[in-house]
């Protein structure tokens, strides 16, 4: 059989099928394993995960925790309690401002809860603005509300708050535990899962023809035929129509592909000659003014967990997409403008940087999926459903409970492999 994609979903499915005695070929478009798991070795002494970074909730219920143990991965953790927030003027957030921010956070939750109890769905931003009386707020409070929407919602779910469904945006499940970080990168898990598998790198799939008796997959390196294909293409690739299906996929599946959202969360790693920030912090937050809303509001310091003077800045949704067309130097200059607001004009320039552009990546077309206004959680089940007992589907977007996560991709691969074995 053929598995398309060597990300976590594809490798997990292939591993399970191979262990059950099935003959499996994995076709992967990239020149590496992992898909949206991508550990860069540009800095040999400091591997960084340009894609997925943490085990979110590393408690015993999370299958990635168990996999990390089996793979012998070296882990550390970060804590949201090791944080410091700065106001738009660059000063540390005052006690009064922090209290007001907490009040607004609570009010935002109430506004969202109210919208989720309504009879019809609206965009999350509209629900928050309407429920909090945004139009009548002071400029300072509006700035804070926009900061909370960006960091608490957009950075978490990857979609713009104007596109996220207020009703369904948070229908995902969570595991309890710490936020674990891989000292050698997530690649350790991809390599562990791929051990002994027949993985064909740089095989770009362009077309899939299927019928009751089998499937033919066309690639830039020839055609491959099998009884079954298990497809783990990211939602963004399916939405782009980069792979054609003959015959076309069923209407419910194409509707799910069209209506679910594919979001953006991009990373900018800056490596400095030495740290100029408090190295005991894990999270550094910045509340930008209205002219820079959505820019460089969240940073992670890797200095404490890894011992390296590296800061990681996040940008999501609208601004995260916008800067993909910028040069690296322009992105770094914009990031440094924020850091110099917080830490002073005399802080050093970075020695080097690494920047993701997931929306522009032809083999990803985004970071991970979200529940877009107009979509329903049941569409993820439609996306996962087999077709003609010949095509099977996996990937984080097909996971109705744990979408947008590595553990969701893993679980989807297990589920799809079980469906193949039961056919």
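The values are calculated or read from the model by the stated rules, or taken from the named source; none is laboratory data. All values derive from a computational prediction rather than experimental measurement. Glycine also receives a Cβ, built like all others from the backbone with ideal geometry; neighbour counts cover every protein chain displayed.
Looking across the range 340-376, just one residue is in a loop (DSSP other than H, G, I, E, B), surrounded by fewer than 19 Cβ atoms within 10 Å (Cβ to Cβ) and in contact with a strand residue (DSSP E or B) (Cβ under 7 Å, 6 or more places away or on another chain), and that is 351. Just give me the residues in the range 226-261 being touching a strand residue (DSSP E or B) at 6+ places or on another chain (Cβ under 7 Å) and over 18 Å from residue 5 (Cβ atoms), in sequence order. Matches in the range 226-261: 227, 246, 250, 259, 261.
Of all positions in the range 154-170, at least one carries a residue that is touching a residue at least 12 places away in the same chain (Cβ under 8 Å), surrounded by 24 or more Cβ atoms within 10 Å (Cβ to Cβ) and part of a strand (DSSP E or B).
Among the conditions (1) touching a residue at least 40 places away in the same chain (Cβ under 8 Å); (2) under 25 Å from residue 1 (Cα atoms); (3) within 26 Å of the chain's Cα centre (by Cα); (4) not in a helix (DSSP H, G or I), the only one that residue 217 does not satisfy is (3). In this entry, residue 293 passes the filter for residues that are in contact with a helix residue (DSSP H, G or I) (Cβ under 6 Å, 6 or more places away or on another chain) and surrounded by fewer than 22 Cβ atoms within 10 Å (Cβ to Cβ).
Evaluating residue 361 against the criteria (1) over 25 Å from residue 205 (Cβ atoms); (2) in contact with a helix residue (DSSP H, G or I) (Cβ under 9 Å, 6 or more places away or on another chain) leaves one unmet condition, (1). A residue that is surrounded by fewer than 20 Cβ atoms within 10 Å (Cβ to Cβ) and under 30 Å from residue 227 (Cα atoms) occurs somewhere in the range 56-72.
Evaluated against (1) touching a helix residue (DSSP H, G or I) at 6+ places or on another chain (Cβ under 7 Å); (2) over 22 Å from residue 14 (Cβ atoms); (3) free of Cβ contacts under 8 Å to residues at least 40 places away in the same chain, residue 379 falls short on exactly one condition, (3).
Could you go through the range 379-386 and let me know if any residue there is within 29 Å of residue 313 (Cβ to Cβ) and in contact with a strand residue (DSSP E or B) (Cβ under 9 Å, 6 or more places away or on another chain).
no
Considering each residue of the range 189-207 in turn, at least one proves to be under 19 Å from the mean Cα position of the chain (by Cα) and either under 30 Å from residue 284 (Cβ atoms) or at pLDDT below 95 (or both). Selection within the range 252-279: residues that are part of a loop (DSSP other than H, G, I, E, B) and without any contact (Cβ under 8 Å) to a residue 40 or more places away in the chain. The member of this set that is surrounded by the most Cβ atoms within 10 Å (Cβ to Cβ) is 275.
Looking only at residues in the range 377-392 that are under 25 Å from residue 167 (Cβ atoms) and surrounded by 19 or more Cβ atoms within 10 Å (Cβ to Cβ), the one that is nearest to the chain's Cα centre (by Cα) is 380.
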